[in-house]
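Notes follow the structure.
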Amino acid sequence: MPSVTAIIPAAGKSVRMAGVSKQYAQLHGLPVLAHTLRIFQAMPEIERVVLVVREKDIDYCRDKIVAALGFDKVKAVLAGGAHRQESVRRGLLAA
């Protein structure tokens, strides 16, 4: 089976949510992003995950979500760009 890397672009500014970061909003006691990561963590065909977030959120995501919840398939947490396409590009380069 080929090696598969998932890129999760989660660096949004939450403009439509009046500044509330939807990726960190709590859903059943966990941030929404954790629910997304849980799905990719459980998929046997996914070997690694690259998580792209806002620069100011890197430490929070790495420490409070990825490490704290044991998402060991996440191999990189990196800063996104000004627009989604730049964030995806950065994720592709990291993959």
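The values are calculated or read from the model by the stated rules, or taken from the named source; none is laboratory data. Quantities reported herein were computed from a predicted structural model and do not represent experimental measurements. Virtual Cβ from ideal backbone geometry, glycine too; neighbours counted across all protein chains shown. Keep in mind that these areas ignore ligands, DNA and RNA; they rest on the heavy atoms of the full protein, side chains included. Shrake-Rupley method; radii C 1.70, N 1.55, O 1.52, S 1.80 Å.
For the range 53-95, just say rounded, prolate or oblate: build the C-alpha gyration tensor, square-root its eigenvalues into a ≥ b ≥ c, call rounded for a/c under 1.5, and beyond that prolate if a/b exceeds b/c, oblate if not. The shape class here is oblate.
Report relative contact order for the chain in percent, whole number only (criteria: Cα-Cα under 8 Å, sequence separation at least 6). Intermediate values should be presented prior to the final figure.
Values: 141 pairs, mean separation 33.7, N = 95.
In percent, rounded to a whole number, it is 35.
You can think of it this way: the chain between A94 and M43 has 16.3 nm of extra reach, that is 0.36 nm per residue less the Cα-Cα gap. Full extension of the segment from D63 to A79, taken as 0.36 nm per residue of separation minus the current Cα-Cα distance, would add 4.3 nm.
For the range 16-95, the per residue solvent-accessible surface stands at 62 Å², with DNA, RNA and ligands left out and a 1.4 Å probe. Principal axis analysis of the Cα atoms in the chain yields extents of 43, 31, 21 Å, listed in decreasing size. Taking 7 Å steps out from each Cα toward its Cβ at E86 and K56 produces label points 1.6 nm apart.
Quick one: pull the percent of accessible area on the chain belonging to carbon and sulfur, 1.4 Å probe, ligands and nucleic acids left out. Within the chain, the accessible surface is 57 percent carbon and sulfur.
Within the chain, DSSP assigns beta bridges of which about 15% are antiparallel (rounded to the nearest 5). Using the Karplus relation 6.51 cos²θ - 1.76 cosθ + 1.60 with θ = phi - 60°, the per-residue 3J(HN,Hα) values for the range 44-55 come to x, 6, 8, 8, 8, 10, 10, 9, 10, 10, 5, 3 Hz, with x marking Gly and Pro. Peptides 68-74, 46-52 ordered by packing proxy, namely the average of other Cβ atoms within 10 Å per residue, highest first: 46-52, 68-74.
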